[in-house]
1. Once the piece of chain linking ASN52 and CYS432 is laid out straight, how much longer is it, given 0.36 nm per residue of separation minus the C-alpha distance between them?
2. With the contact rule set at Cα under 8 Å and sequence spacing of 6 or more, what percent relative contact order holds for region 319-411?
3. Which value in nm describes the separation of the simple spin-label points at ASN130 and GLU31, placed 7 Å from the Cα toward the beta carbon?
4. Restricted to Cα positions, what overall size does region 27-134 have along the principal axes? Three whole-Å values, descending.
5. Which Cys in the chain stand alone, with every other cysteine's Cβ at 4.7 Å or more from theirs?
6. Using modelled amide H (1.01 Å from N, peptide plane; none on Pro or chain starts), what sits under 5 Å from the amide H of ILE56, excluding residues fewer than 5 places away?
7. Compute the Rg to Rh ratio over region 286-345 from the alpha carbon atoms, using the Kirkwood formula for Rh, and round to two decimal places.
8. Hey, got a sec? Which GluC sites (Glu not before Pro) in region 1-62 land in a DSSP loop and have at most 16 other Cβ atoms within 10 Å?
Amino acid sequence: MEDTIYAPSSAIGGAIAVIRVSGDQARRVSELLNRELTRQPRKLTYVKLQQNGELIDECMAAFLPAPATYTGEDMFELNCHGGMQTIQRVLAALGSLGFRPAEAGEFTKRAFLNGKMDLSAAEAVMDVINADAEKSLKAALLQLQGSVRREIEGVESLLLDALSGIDAAIDYPDEAEADTLLALPESLEQAKCRVETLIAESRRGRVLRDGLRVAIVGRPNVGKSSLMNALLGTDRAIVTAEAGTTRDLIDEKTSFQGVPVRLIDTAGIREADSEAERIGVDRAREAIQTADVVCMVLDASVPITAEDETLLRETAGMTRLVLLNKCDLAQNDIPSTLESIRVSAKTGEGLDELITAILRLAAPERGDGAYITNERHIRALEHTLESLNDAKRADELDCAATDVKNALHYLGSITGTDVDASVLDRIFERFCVGK
Ligand code: GDP
């Protein structure tokens with residue numbers, strides 16, 4: 001028998017706190033209430049919660065019987081007052097019934113283990129909670145509704161077809177082997193294409209989850225900070241400032257057209273005179289190398305300098321946009337071979353065009369918004385792809401069968417049909433308590 005668990009599920013400090021209980025014994029919460037709620041399931045009812053005759057709180061409570069609950073077990077939900085004292089006393093009263101505090105993610109883990117959702121949907125729960133831009137939330141909600149599971153099941157069904165062909169050929173070698181060997185490349189190719197597309201689209205998915213990293217690069221005084229402020233100003237209301245790691249690197253969050261963005265001003269990239277400055281320069285270079293898009297800023301009102309040219313050369317191989325800033329001032333000649341966008345941090349000219357260009361460069365877009373965003377899923381898809389490539393190269397059916405089974409194993413680890421307990425622990429320990 002599983003323990004019965006409890007945890008506060010709302011943030012501490014609000015007017016009302018939601019406390020959830022799940023497990024075989026959950027109905028015993030009634031022992032603490034002045035009314036028996038288990039005979040009226042799913043009805044939010046006003047009750048007094050008391051222990052040893054002493055009133056602890058007045059709450060709204062509901063009993064939710066298995067299996068139609070979040071965890072698939074009997075659950076009790078209590079909405080009590082949100083003060084720390086009250087919450088602690090309610091939790092202590094629940095503890096007195098022999099229940100134990102839930103571990104991080106334990107409600108969702110139970111939901112997965114009881115078949116209420118596949119593993120990818122369970123993982124989406126935290127993404128829904130953490131989503132900080134509109135499109136990230138959409139991808140997370142679609143994943144919660146099973147979008148990833150459906151994609152994976154599509155590939156699995158192609159591979160299961162291939163595998164049954166292989167097995168038949170191994171069992172009846174004379175008749176079927178030649179046919180199977182002929183047909184195999186096609187079903188493997190289809191599965192491989194599907195996986196490749198999912199991986200390519202996942203780049204956009206990662207961006208939706210973690211934010212598009214945009215580095216602003218240029219020599220001093222070209223207007224990097226001004227541009228950064230102008231771009232942040234387009235969405236000021238939801239900007240949250242993060243302290244820069246050094247005074248040379250400023251990293252701020254915003255969103256462009258619903259896509260989360262991290263703008264990084266790499267003011268410090270120049271020759272370093274001191275050790276401290278050198279560390280700043282290294283950080284700036286690293287930020288540039290890991291950026292999804294590099295915005296290389298030139299001052300259009302003055303001739304290009306040697307320092308500009310060095311930076312242009314250094315960023316040439318990157319996913320880059322060249323910005324001619326200060327286009328509100330008299331213009332200098334810029335080499336026409338250089339594809340660029342004219343902007344003015346001062347007047348705001350060209351900023352919409354810049355935002356569109358950044359988003360277009362970042363990653364391919366999917367009409368339905370159902371992206372694979374989770375690093376663990378992406379890694380599993382990459383392993384799947386390797387196994388499929390091995391299967392295509394295999395010249396014996398036995399080997400091909402083993403490779404296809406490996407690919408199926410990696411796909412199963414995404415939806416949770418084929419996953420170790422230790423992997424589950426690692427996934428759910430990152431959840432918040434109460435979810
Ligand atoms: P940074 O050193 O590259 O971060 O440059 P700043 O953002 O500090 O800008 C340097 C100077 O250029 C400041 O005096 C800004 O007011 C000015 N500046 C920045 N952008 C523009 C622009 O688009 N037009 C004009 N006219 N001046 C600008």
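What follows draws every value from the coordinates through simple rules; no lab data is involved. Predicted model, so just to flag it, every value in this text is computed and none were measured. Neighbour counts are summed over all protein chains in view; Cβ atoms, including those assigned to glycine, are modelled from backbone coordinates with ideal geometry.
1. Details: separation 380, 0.36 × 380 = 136.80 nm, distance 3.18 nm.
Stretched out fully, the ASN52 to CYS432 stretch lengthens by 133.6 nm.
2. Values: 74 pairs, mean separation 17.1, N = 93.
Result for region 319-411 is 18 percent.
3. Placing both labels 7 Å beyond Cα along the Cβ direction yields 3.9 nm.
4. Answer, in whole Å and largest first: 45, 30, 27 Å.
5. Cysteines of the chain left without a disulfide-compatible partner: CYS193, CYS295, CYS327, CYS399, CYS432.
6. LEU49, GLN50, GLN51
7. Working: Rg = 11.6 Å, Rh = 12.0 Å.
Answer for region 286-345: 0.96.
8. Counting only loop positions with at most 16 other Cβ atoms within 10 Å, the GluC sites (Glu not before Pro) in region 1-62 are GLU2, GLU36.
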